[in-house]
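J.: Can you read through this structure? Questions will come right after.
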Amino acid sequence: MTATTRHDRRMYAVMNDRRAAAAYATVPRRRLIVGAHIALTVTGVGAWIGTVFGSGYGLLVLVAAVLIPWMLLTGLLNGSTRGLLELRGRMLDERQLVERDRVRALAHRITLWLLVATAFGVGAYGVLADAPLRAAVAPVLVGVLAAHWMMPLWVAGLRVQDDLGDDEE
């Protein structure tokens, strides 16, 4: 076994801290957290795209407003998965390594279909609107990149099993 570092041990402790476990203890709660995280991600990324590729900085306030709740929900999702995607492989057991591979594979397939749908959507827009697509390429790529980045966390949050209670063990 590979030696663990102080960073590994600290991250393991953070990811396995059960103080907030009541917030994500059940499947409906985790689904709500994933849905809210997706909504905040779409809002934040959309506002950022509007700020960077749009005409002004008014949407930057919206980016700042969603950042703190987004980070809190990210922490809850990481806690609910016990750091499945954040911990180094040497800190995970065999079952967790297999689950991480499954989550990444499923997230990859979902992102693939999202890319296919996006390519068709952008192509259809270009044909139907008879508009040049140069202006839309960068914002669309940023949106798809954000989805690609977050998809494993969302999938892991939806796939995690409920912890066994004391009476179920």
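The values are calculated or read from the model by the stated rules, or taken from the named source; none is laboratory data. Just so it is clear, the structure is predicted and the values come from calculations on it, not from any experiment. All Cβ positions, even for glycine, are placed from backbone atoms using ideal geometry, and neighbour counts span all protein chains on display. Side chains included, ligands, DNA and RNA excluded: accessible areas come from the protein's heavy atoms. Shrake-Rupley method; radii C 1.70, N 1.55, O 1.52, S 1.80 Å.
J.: What are the ³J(HN,Hα) values, in whole Hz, obtained from phi via the Karplus relation 6.51 cos²θ - 1.76 cosθ + 1.60 with θ = phi - 60°, for each residue of the range 110-116 in sequence order, with x given for Gly and Pro?
T.: Rounded to whole hertz, the list is 4, 5, 4, 5, 5, 5, 4.
J.: How much mean residue ellipticity at 222 nm does the chain get from its helices, if each DSSP H run of length 4 or more adds -39500 (n - 2.57) and you divide by all residues, to the nearest 500 deg cm²/dmol?
T.: -25000 deg cm²/dmol
J.: Please compute the modelled spin-label separation between V144 and F53, points set 7 Å along Cα→Cβ, answer in nm with one decimal.
T.: Between F53 and V144, the label points sit 1.1 nm apart.
J.: To continue, here is another question. At 1.4 Å probe size, with every protein chain present, just tell me what the per residue accessible area of the range 1-120 comes to in Å².
T.: On a per-residue basis, the range 1-120 sits at 63 Å².
J.: Whole-Hz Karplus ³J(HN,Hα) for the range 117-126, in order, using 6.51 cos²θ - 1.76 cosθ + 1.60 and θ = phi - 60°, x for Gly and Pro?
T.: For the range 117-126, the Karplus-derived couplings read 4, 5, 4, 5, x, 5, x, 5, 4, x Hz, x marking Gly and Pro.
J.: Follow-up question, since we're still on this one. With a sphere of radius 12 Å drawn around the Cβ of V27, what net charge do the other residues whose Cβ falls strictly inside it have (Lys, Arg +1; Asp, Glu -1)?
T.: Residues near V27 contribute +2 overall.
J.: Of the accessible area of the chain, with the probe set at 1.4 angstrom, what percent is carbon plus sulfur?
T.: Summing carbon and sulfur atoms, their accessible area is 66 percent of the total for the chain.
J.: Right, something else. Would you please classify the overall shape of the range 30-121 from the alpha carbon gyration tensor, given that a ≥ b ≥ c denote the square roots of the eigenvalues, rounded means a/c under 1.5, and beyond that prolate means a/b larger than b/c while oblate covers the rest?
T.: Note, shape of the range 30-121 comes out oblate.
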